[in-house]
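Note sheet for the following structure.
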Amino acid sequence: MAVGARSGRDEGEERPDGIQRDAEREAREAEEAEDGAEEHPQRSFWKELPLLIGIALLLALLIKTFLVQAFSIPSDSMQNTLQRGDRVLVDKLTPWFGSEPERGEVVVFHDPASWLAGEPTPEPNFLQTILSKIGLMPSADEKDLIKRVIAIGGDTVECKKGGPVVVNGKPLDEPYVFPGNTPCDDAPFGPLTVPKGKIWVMGDHRQNSQDSRYHMQDSTQGFVPVDKVVGRAVVVAWPVTRWSTLPVPDTFDQPGLGDQAAAKALGAGPAALGLAGAVPVVLWRRRRLTGATTGR
């Protein structure tokens, strides 16, 4: 006769081999994790701070070089659109994809032929020098100018005393010109045909701007080579009370002035091709990573 019969498993019954091995492996992994934590203690914030600062500075330098950079407005030649001391952000990425300046854009460009000869260069302090090198402040050493593009390669441009600026036979309505100024009475010009690969630029403060009109006797003949253009100014970033965008005025979209839409599409073509080429690479990489994960 069975006495004290039990239901279920005896306490001394051994576990199956698979469960035993899993338990031992988990115990070993827990011990190794504890040992690793003791051997590699978490680094303090202050030890990691220099690394974080270094990464931030490197990113700022890359952004300055390839994407966007801040520039300071040193004169009154673009009033009232831009005031002396304003900081503008300049798009440097678009030209990398083959886009060229368009009519109406405000652009920053390197001095093409000593246009700034005799102009004083402000002396930056130590902090400004450091910040300018990483792109957080504009550089005081660079000889750059900022003007509005009035005509591009292939355009015919002229301005007679008492009249408006005329591009390809179309008079421009220029609400951005400084109040009280005339379009060009101080320096009439033209008609001129802008060579391919060049632009004709003028300041918005017409009677206080040494622009293309005043350099027609120079080696540039007043034209700015496209390869001298740093990029398009897109935003007034400082001071915050003057924050604004810098769109192309409607007068440059009038019918018959030029195929502006086609030119913009042409400029966007390389970027679209680059994006189209990048998509298959991204998809291939995702498939590869997914396959590696599920193939374990």
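The values are calculated or read from the model by the stated rules, or taken from the named source; none is laboratory data. Since this is a predicted model, take the numbers as computed values, not measurements. Positions of Cβ are generated from backbone atoms using ideal geometry, with glycine treated the same way; all protein chains shown enter the neighbour counts. Areas reflect the complete protein model, heavy atoms only, side chains present, ligands, DNA and RNA absent. Shrake-Rupley method; radii C 1.70, N 1.55, O 1.52, S 1.80 Å.
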task: Provide a single number: the residues in the stretch 234-252 that are exposed (fewer than 13 other Cβ atoms within 10 Å of the Cβ) and small (Gly, Ala, Ser).
output: 1
query: With respect to the numbered conditions (1) surrounded by fewer than 19 Cβ atoms within 10 Å (Cβ to Cβ); (2) touching a residue at least 60 places away in the same chain (Cβ under 8 Å); (3) β-branched (Val, Ile, Thr), which one is the sole condition not fulfilled by Ile199?
result: (1)
- prompt: Under 9 Å by Cβ, and 6 or more places apart or on different chains, what pairs join a residue from the stretch 169-188 that is within 21 Å of Gly256 (Cα to Cα) with one that is open to solvent by less than 40 Å² (accessible area, probe 1.4 Å) and of a type in the set (Phe, Trp, Tyr)?
  reply: Leu172/Phe252
- prompt: Of the residues that make up the stretch 171-180, is at least one under 28 Å from the mean Cα position of the chain (by Cα), open to solvent by 10 Å² or more (accessible area, probe 1.4 Å) and of a type in the set (Ser, Thr, Tyr)?
  reply: yes
Total residues in the stretch 187-199, condition modelled with pLDDT of 95 or more and under 14 Å from Glu158 (Cα atoms): 8
task: Kindly list the number of the only condition in (1) surrounded by fewer than 17 Cβ atoms within 10 Å (Cβ to Cβ); (2) modelled with pLDDT of 95 or more; (3) closer than 18 Å to Ile146 by Cα that fails for Gln210.
output: (2)
